[in-house]
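See structure below.
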Amino acid sequence: MVTSDEVGIMPKVVASPLKGSSPLKVTFNASGSTHTNEDRSLMLFEWDFGDGSELIRARETSHTFREDGIYEIILTITDDNENTKQEVIEIVVSEELLTPEAKIIPTPAILVGSVPFDISLDGTTSIDNDGEVVGYTWSFGDGSPKEVGPTVTHTYNEVGDYTITLEVTDNDEKKGTTSTIVVVREKDPAAPIAQLTTSPTPPQGEIPFLVTFDASESTDEDGTILSYLWSFGDDTKDVQTTSPTTTHKYEKVGIWPATVKVFDNDNLSSVANVTIAVNSSAPEAFIETNKTSGYSPIRITFDASGSSGDIASYSWNFDDDTSDSGIVVQHTFNKKGTYSVTLNIEDAQGQVDTEEVTITVR
Ligand SMILES: [Ca+2]
Ligand SMILES: [Ca+2]
């Protein structure tokens with residue numbers, strides 16, 4: 001026996017299609033077969049279609065397969081030396097073409113977000129094991145129109161859970177679908193914006209300084225402001241109100257950082273502040289004497305304790321080339337005359353005041 005490899009017959013078969021649903025007509029063409037020995041010629045082409053039908057002798061033929069099955073078609077080529085060689089072609093006849101498998105790759109990978117939620121979807125990893133994916137149709141589950149294409153983008157503007165579906169179509173018009181859920185949440189709540197004004201403005205005044213605070217210009221874009229926490233900066237207790245205004249009386253001299261913290265219905269808050277300048281009141285000099293006239297020599301007590309203010313110094317001039325200091329002083333006038341006694345006071349802030357009393361000495 002001569003083995004095929006020594007025969008030199010080189011079969012070449014083109015069959016189309018190789019698969020399909022019944023009845024499946026397949027054309028076979030072996031006319032491209034050759035012989036390695038140019039002196040030999042290919043005499044006989046005989047086809048066995050594997051379904052019990054008659055053998056067919058032809059270089060080209062066709063056959064219709066009527067039953068589902070996997071057929072091994074055997075072509076036997078015989079040369080002019082009666083050597084033979086066989087070639088086997090497999091034909092699959094089945095109703096069941098493979099459906100493509102849809103796959104979605106979303107961005108972001110976790111489809112949870114707040115409105116407006118922008119996503120992109122990639123269907124290009126979808127596969128078809130017996131063909132190729134040729135069409136992509138997306139539905140977004142929110143009533144918006146379907147879109148086609150291997151990749152799409154979409155924006156969800158309403159809160160809800162939606163089903164995204166990708167339907168892919170293969171070259172046999174077989175379809176495969178997959179779906180995924182997107183969760184669209186409320187926008188994250190916004191904090192209120194605190195605003196604070198005072199009356200008077202600017203908030204500078206003398207002790208006791210009454211200030212009206214007004215936070216009514218505060219806003220909350222997605223809710224309402226429910227309360228106001230006031231801190232006056234002067235070591236007094238904080239005050240919480242539901243009213244946007246309050247008042248505070250400053251009893252201490254100083255520069256005080258006052259704040260209001262406004263709270264919305266989500267218990268979110270923000271702070272506004274203002275600096276309060278509280279000055280001491282201007283000092284007012286006041287002189288009390290035990291007498292204002294008399295015969296010389298006369299001793300008079302001058303008392304400045306009725307003066308008001310945060311007084312740091314008291315200085316006296318007795319109009320007779322003498323002076324003294326202190327809240328209460330005594331002075332003796334030895335000569336007749338009329339004396340303008342003056343008191344000068346100065347407070348810690350350098351504010352001054354003067355008072356005068358006339359003493360008549362006879
Ligand atoms: Ca397919
Ligand atoms: Ca809010």
Practice prompt. Taking the options LEU55, LEU97, LEU75, name whichever one is without any contact (Cβ under 8 Å) to a residue 12 or more places away in the chain and either out of contact with any helix residue (DSSP H, G or I) (no Cβ under 7 Å at 6 or more places or on another chain) or within 16 Å of ligand 1 (Cβ to nearest atom) (or both).
Written response: LEU55
Discussion item. When the residues of the range 208-242 are narrowed to those that are touching an Asp or Glu at 6+ places or on another chain (Cβ under 9 Å), under 22 Å from LEU268 (Cα atoms) and among the acidic types (Asp, Glu), which ends up surrounded by the most Cβ atoms within 10 Å (Cβ to Cβ)?
Written reply: ASP220
Item to complete: Within the range 224-237, identify whether any single residue is in contact (Cβ under 8 Å) with a residue 12 or more places away in the chain, within 16 Å of ligand 2 (Cβ to nearest atom) and not in a strand (DSSP E or B), and answer yes or no.
Response: yes
Response to the item:
A careful count of residues in the range 181-216 that are assigned to a loop (DSSP other than H, G, I, E, B) and either hydrophobic (A, V, I, L, M, F, W, C) or touching a residue at least 24 places away in the same chain (Cβ under 8 Å) (or both) gives 16
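So that you can scan it fast, the table gives a plain yes or no per residue for (1) among the small types (Gly, Ala, Ser); (2) assigned by TED's automatic domain parsing to the domain that holds GLU221; (3) more than 16 Å from ligand 1 (Cβ to nearest atom); (4) surrounded by 14 or more Cβ atoms within 10 Å (Cβ to Cβ):
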| position | (1), (2), (3), (4) |
| --- | --- |
| GLY143 | yes, no, yes, no |
| THR163 | no, no, yes, no |
| ASN171 | no, no, no, yes |
| THR178 | no, no, no, yes |
| PRO192 | no, no, yes, yes |
| PRO203 | no, yes, yes, yes |
| GLU206 | no, yes, yes, yes |
Fill in: Pick from the range 264-292, criterion closer than 17 Å to PRO244 by Cβ and assigned to a strand (DSSP E or B), ranking: nearest to ligand 1 (Cβ to nearest atom)
ASP264
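Would you confirm whether any residue within the range 128-149 is out of contact with any helix residue (DSSP H, G or I) (no Cβ under 8 Å at 6 or more places or on another chain), charged (D, E, K, R), in a loop (DSSP other than H, G, I, E, B) and farther than 30 Å from SER21 by Cα? Talk me through it step by step, then tell me what you get.
As a first pass, look at the range 128-149 and keep what is out of contact with any helix residue (DSSP H, G or I) (no Cβ under 8 Å at 6 or more places or on another chain): 128-149.
After this cut, where a residue has to be charged (D, E, K, R) as well, the list is 128, 130, 132, 142, 146-147.
Then drop every residue that is not in a loop (DSSP other than H, G, I, E, B), which leaves 128, 130, 132, 142, 146.
Among the residues that remain, those that are also farther than 30 Å from SER21 by Cα are: 142, 146.
Within the range 128-149, one or more residues are out of contact with any helix residue (DSSP H, G or I) (no Cβ under 8 Å at 6 or more places or on another chain), charged (D, E, K, R), in a loop (DSSP other than H, G, I, E, B) and farther than 30 Å from SER21 by Cα.
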Worksheet item: Just to be sure, is SER243 more than 16 Å from ligand 1 (Cβ to nearest atom) and either at pLDDT below 95 or outside any loop (DSSP other than H, G, I, E, B) (or both)?
Response: no
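For every residue, the table says whether it meets (1) small (Gly, Ala, Ser); (2) modelled with pLDDT of 95 or more.
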site	(1), (2)
GLY254	yes, no
PHE263	no, yes
VAL271	no, yes
ASN279	no, no
ALA285	yes, yes
TYR295	no, yes
ALA304	yes, yes
GLY309	yes, no
Discussion item. For the list (1) closer than 25 Å to ASN171 by Cα; (2) of a type outside the set (Val, Ile, Thr); (3) surrounded by 14 or more Cβ atoms within 10 Å (Cβ to Cβ), I need the number of the one condition that PHE117 fails.
Written reply: (1)
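Restricting the search to the range 279-315, which residues are β-branched (Val, Ile, Thr) and closer than 10 Å to LEU343 by Cα?
Looking only at the range 279-315, we keep the residues that are β-branched (Val, Ile, Thr), and these are 287, 289, 292, 298, 300-301, 311.
ILE287 - this is the single residue of the range 279-315 that is β-branched (Val, Ile, Thr) and closer than 10 Å to LEU343 by Cα.
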Practice prompt. Would you check if ILE70 is farther than 30 Å from PRO189 by Cα and in contact with a Leu (Cβ under 8 Å, 6 or more places away or on another chain)?
Written response: no
Item to complete: Under 9 Å between Cβ atoms, at least 6 apart or on separate chains: pull out the pairs that start in the range 164-175 with a residue that is acidic (Asp, Glu) and end on any residue that is within 16 Å of ligand 2 (Cβ to nearest atom).
Response: none
Worksheet item: In the set ILE104, ILE110, which member is more than 30 Å from GLY50 (Cα to Cα), out of contact with any Phe, Trp or Tyr (no Cβ under 7 Å at 6 or more places or on another chain), loosely packed, with under 12 Cβ neighbours inside 10 Å and of a type in the set (A, V, I, L, M)?
Response: ILE110
Worksheet item: Here are some residues: SER33, SER94, SER53. Which one is closer than 19 Å to VAL7 by Cβ and not β-branched (Val, Ile, Thr)?
Response: SER33
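Please pick out the residue among VAL262, VAL329, VAL341 that is in contact (Cβ under 8 Å) with a residue 24 or more places away in the chain, out of contact with any helix residue (DSSP H, G or I) (no Cβ under 6 Å at 6 or more places or on another chain) and in the same structural domain as PRO203 (by TED's automatic domain parsing).
On the way: VAL329 fails: in the same structural domain as PRO203 (by TED's automatic domain parsing); VAL341 fails: in the same structural domain as PRO203 (by TED's automatic domain parsing).
Being in contact (Cβ under 8 Å) with a residue 24 or more places away in the chain, out of contact with any helix residue (DSSP H, G or I) (no Cβ under 6 Å at 6 or more places or on another chain) and in the same structural domain as PRO203 (by TED's automatic domain parsing) holds for just one of VAL262, VAL329, VAL341, which is VAL262.
The values are calculated or read from the model by the stated rules, or taken from the named source; none is laboratory data. What you are looking at is a predicted structure, and each value in this text was computed from that prediction instead of being measured. In this analysis, Cβ positions are derived from the backbone assuming ideal geometry, glycine residues included, and neighbour counts consider all displayed protein chains.
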